[in-house]
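Since the structure comes first, as structure tokens, the remarks are kept for the end.
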Amino acid sequence: MSVDQSTDVEGGDGTTTAAAVTAMAVGSYPVAPGYRLNVRSGPGTGYSVVRALPEGASVRINCQTPGTRVAGPYGTSNIWDNIGSGQYVSDAYIRTGSDGYVAPRC
């Protein structure tokens, strides 16, 4: 059974963390199962939706920045992941294996 949840999700210091090294090796991080994830034009729920990622998508995180605090399947976070030019998703919906930053700050 598929759960179609089109969701309004809300969702360093320059050093490379172990999680960031893992991401480089893996290449991308999966979106939480069962969610179509809204991609926003900025790091917060007040920004417009530019597209939605389909269920089962994975993302490559370019950099991360603080923004609107969001509760999601992977906890509550104010970290937003930049996945492209003018494209942000809440880190609370991305399985990074960390509650903190895994990529450089934007």
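Yes or no, residue by residue, for (1) aromatic (Phe, Trp, Tyr); (2) not in a strand (DSSP E or B):
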{"position": "Arg51", "(1), (2)": "no, no"}
{"position": "Pro66", "(1), (2)": "no, no"}
{"position": "Ala71", "(1), (2)": "no, no"}
{"position": "Thr76", "(1), (2)": "no, no"}
{"position": "Ile83", "(1), (2)": "no, no"}
{"position": "Tyr88", "(1), (2)": "yes, no"}
{"position": "Ala92", "(1), (2)": "no, yes"}
ask   = (1) touching a strand residue (DSSP E or B) at 6+ places or on another chain (Cβ under 7 Å); (2) in a strand (DSSP E or B): which one isn't true of Ala103, the others all being true?
value = (2)
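Just give me the residues in region 72-90 being open to solvent by 10 Å² or more (accessible area, probe 1.4 Å) and under 19 Å from Gly42 (Cβ atoms), in sequence order. Give the steps one after another, and end with the answer.
Start the filter on region 72-90 by keeping residues that are open to solvent by 10 Å² or more (accessible area, probe 1.4 Å), which leaves 72-78, 82-88.
Across region 72-90, the qualifying residues are Gly72, Ser77, Asn78, Asn82, Ile83, Gly84, Ser85, Gly86, Gln87, Tyr88.
The values are calculated or read from the model by the stated rules, or taken from the named source; none is laboratory data. Since the structure is predicted, the reported quantities are computational estimates derived from the model, not experimental observations. As a convention, Cβ positions derive from the backbone with ideal geometry for all residues, glycine included, and neighbour counts pool all protein chains shown. Accessible surface is based on the protein model in full, side chains and every heavy atom, while ligands, DNA and RNA are left aside. Shrake-Rupley method; radii C 1.70, N 1.55, O 1.52, S 1.80 Å.
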